[in-house]
Amino acid sequence: MKKICSWLILISFVISISAQEKASCAPDRYEKAIFSDFTKKTIEYAAAKNWSDENVSLLTDIYEPKNDDAQLRPLIIVVHGGSFTSGNKEQMTPFCTFFVKNGYVVASIQYRLAPANKVVESNNILREVVRATNDLKSAIRFFRQSAENGNPYKIDPNNIFIGGVSAGAITALQTGLLDEKDLVTDELSSIIAEEGGLNGNTGSAENRKFSTKVRGIFNLSGSIMDENWIDKDDPPIFSYHGEDDMVVPIRFKSIGTLDMYGSELIKEKADKVGLDNVLVKVPKGGHTDIYTFRFLSFFIDYANQVNQKIRSMICK
């Protein structure tokens with residue numbers, strides 16, 4: 001009898017652990033606003049040298065559903081826009097508010113920005129993209145590290161998504177798609193090496209031990225430097241873009257040393273290699289107006305498609 005009781009206890013323990021290892025998939029979660037309120041806190045996720053070679057603190061706002069009893073929630077890390085020279089993490093508040101009410105944990109990060117006069121100098125725009133990418137990678141690692149140390153934000157480290165608007169989307173796409181097997185120009189390769197390699201040099205040595213792999217990428221009015229970086233085994237890409245965007249065109253634009261393959265070319269390449277993806281194009285939409293009330297129905301359509309896609313990934 002004692003042996004039977006011991007086995008029952010062991011089985012119950014295993015079942016309990018298994019249940020905790022999977023993100024919550026309660027009805028309507030990720031598909032509807034099932035939470036009416038949320039909490040927000042600001043913390044430091046890393047430190048790094050800025051363009052003046054000064055050590056600066058990198059902060060993130062963390063949004064969590066209020067009164068949520070789920071122990072594992074998917075995490076979305078978002079990056080603001082601003083041409084890599086301006087902007088702040090508060091710009092992503094509407095995005096964070098929308099998704100946190102659907103049951104996600106959302107983090108909006110501040111990253112190192114370049115002085116405007118620096119960006120116009122030769123190849124500095126590439127260096128700034130690499131630095132922003134390194135900061136985002138450090139943020140991903142920060143949350144994975146926190147999950148191993150008590151998991152205070154109750155995230156599922158196997159379900160981390162990244163994204164951003166404009167420059168933030170460019171940052172997220174490079175972070176999620178560029179890997180060791182992809183070919184880069186000699187110029188970009190040299191900058192990446194100088195900035196710590198593909199893993200980057202943002203954050204502590206302990207931070208850099210953790211993985212930067214993600215489950216999906218939110219691409220809002222963004223681009224990638226080389227469409228050939230897109231492979232079948234990359235994370236799914238969820239794109240939203242104005243058809244008349246003149247800042248980051250939906251197809252292609254080159255600014256100095258920065259090539260920008262927009263969302264339409266990203267989708268064409270993803271479809272060609274068999275990578276799961278979403279693209280919602282906004283007719284007559286520009287670069288920033290597609291996030292205003294005028295085009296709200298298009299963004300809701302985008303969000304609904306993404307929510308359904310993510311729920312199918314998490315809850316399968």
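The values are calculated or read from the model by the stated rules, or taken from the named source; none is laboratory data. Because the structure is a prediction, the values reported are computed rather than measured. Neighbour counts are summed over all protein chains in view; Cβ atoms, including those assigned to glycine, are modelled from backbone coordinates with ideal geometry.
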Residue within the range 291-298 that is part of a loop (DSSP other than H, G, I, E, B), over 23 Å from residue 157 (Cβ atoms) and among the hydroxyl-bearing types (Ser, Thr, Tyr) present: yes
Residue within the range 59-68 that is farther than 22 Å from residue 213 by Cβ, free of Cβ contacts under 8 Å to residues at least 12 places away in the same chain and over 16 Å from the mean Cα position of the chain (by Cα) present: no
Single residue of 212, 257 found to be over 26 Å from residue 141 (Cα atoms) and hydroxyl-bearing (Ser, Thr, Tyr): 257
The range 163-205 - residue that is in contact with a Lys or Arg (Cβ under 9 Å, 6 or more places away or on another chain) and of a type outside the set (Gly, Ala, Ser) and, of those, surrounded by the fewest Cβ atoms within 10 Å (Cβ to Cβ): 194
Qualifying residue in the range 270-289 (condition: closer than 25 Å to residue 113 by Cβ, in a strand (DSSP E or B), over 17 Å from the mean Cα position of the chain (by Cα) and of a type in the set (D, E, K, R)): no
Selected residue (criterion: surrounded by the most Cβ atoms within 10 Å (Cβ to Cβ)) from residues of the range 219-278 that are touching a helix residue (DSSP H, G or I) at 6+ places or on another chain (Cβ under 8 Å), farther than 23 Å from residue 78 by Cβ and among the polar types (S, T, N, Q): 257
Which numbered condition residue 104 misses (of (1) within 24 Å of residue 223 (Cβ to Cβ); (2) under 16 Å from the mean Cα position of the chain (by Cα)): (1)
Hits in the range 31-65 (condition: over 16 Å from residue 139 (Cα atoms) and surrounded by 13 or more Cβ atoms within 10 Å (Cβ to Cβ)): 31, 32, 33, 34, 35, 38, 40, 50, 51, 64, 65
Any chance residue 87 is touching a helix residue (DSSP H, G or I) at 6+ places or on another chain (Cβ under 8 Å), at pLDDT 95 or above, in a loop (DSSP other than H, G, I, E, B) and farther than 19 Å from residue 140 by Cα: yes
Flag for residue 210 being under 20 Å from residue 58 (Cβ atoms), crowded, with 24+ Cβ neighbours inside 10 Å and hydrophobic (A, V, I, L, M, F, W, C): no
Residue list for the range 39-58, filter: out of contact with any Gly (no Cβ under 6 Å at 6 or more places or on another chain), within 17 Å of residue 78 (Cα to Cα) and either assigned to a loop (DSSP other than H, G, I, E, B) or in contact (Cβ under 8 Å) with a residue 60 or more places away in the chain (or both): 45, 58
